[in-house]
1. Looking at the stretch 240-255, which of the residues that are assigned to a helix (DSSP H, G or I) and over 18 Å from residue 366 (Cα atoms) is modelled with the lowest pLDDT?
2. Is one or more of the residues making up the stretch 129-136 under 17 Å from the mean Cα position of the chain (by Cα) and free of Cβ contacts under 8 Å to residues at least 24 places away in the same chain?
3. Suppose we filter the stretch 191-249 for residues that are farther than 30 Å from residue 276 by Cβ and without any contact (Cβ under 8 Å) to a residue 60 or more places away in the chain; how many remain?
4. Which ones in the stretch 134-188 are at pLDDT 75 or above, in contact with a helix residue (DSSP H, G or I) (Cβ under 6 Å, 6 or more places away or on another chain) and not in a helix (DSSP H, G or I)?
């Protein structure tokens, strides 16, 4: 074990081709010291330890945006964003949001998700392969749904997609360019909020503007930041995870693709297993946290003020939590994966994401059972917070 700061391994761990070295990530103890942006940090990889960090209030997301705290490249969340707050502020924000973002309302979106999926796949079926599945389906589906929810005009969707791609960049672009993406997207949401305030409709932004808890309501800045969060997280993660899952099934698990074609009843459990099995974190870790008190974890003592990284990817492949963790089992039950996080910061859009993934994968396997890759090699994006492909050329 390294004894001096200079001996600590630099994170992220990468392979020769620039990808994440997942084997090295899971090979060591469940918690270890690394260097993040040149500063010491704790890397937590065991399932039990990762889950503890996610649910323990002593690990702060709000403190992680303080000056001097090491960051993942250019990732820098604005103060007040729900992803950068702790209770009680986070509790207040989430309570107001969940007043209009209820499980019942999200489930009512299922027919609309099915309708958009059917239309997009009708269009896909009429194209001459090879076709980029990301452009024409896995990106188009969640973008259309989240834009409809927030009331984003059709004409603005392509523009805001460019901005969100910038905000998910961790390295490879100048920080000024990344920050410009945040500014342009924030300005756009602010103008949208102003328009909804003047002319409210039944979209989510209008409902959030009207939402209140006794005498409390979301401020203008909170509305902008929450709209920005939903636009970002509401399509970028689902777009990439659906594409990544199809790519893994077609290249590494073709027998499992055939199994899903023949047994569509497995789709819901297969979606959970894909969430566990297929990495979504571009650097194999989630947003940094800061310990607000000394914590004993995994045989180590984390001091107050220490930066902590958790790897959901590694936790989801921990043999202590999952039987045969590196095998894909579409019937795995129970499947307590941590792909959506846990605790008070568990992804508020998890239910919508699962509806989109279940519908998208289910219809793809039903309508395109002979789907196959049209390229010999997949090209993965580098330097992004959400792992994704440049394109996914398919034929049938």
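1. Residue satisfying both the conditions and the ranking: 240.
2. Looking for residues that are under 17 Å from the mean Cα position of the chain (by Cα) and free of Cβ contacts under 8 Å to residues at least 24 places away in the same chain, one finds none in the stretch 129-136, hence no.
3. 23
4. 139, 151
Yes/no matrix, rows are residues, columns are (1) touching a strand residue (DSSP E or B) at 6+ places or on another chain (Cβ under 8 Å); (2) in contact (Cβ under 8 Å) with a residue 60 or more places away in the chain; (3) under 27 Å from residue 148 (Cβ atoms):
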site: 47; (1), (2), (3): no, yes, no
site: 53; (1), (2), (3): yes, yes, no
site: 63; (1), (2), (3): yes, yes, no
site: 101; (1), (2), (3): no, yes, yes
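The values are calculated or read from the model by the stated rules, or taken from the named source; none is laboratory data. A quick note: this is a predicted structure, and the numbers were derived from the prediction, not measured. Methodologically, a virtual Cβ is constructed for each residue, glycine included, from the backbone with ideal geometry; neighbour enumeration extends over all protein chains shown.
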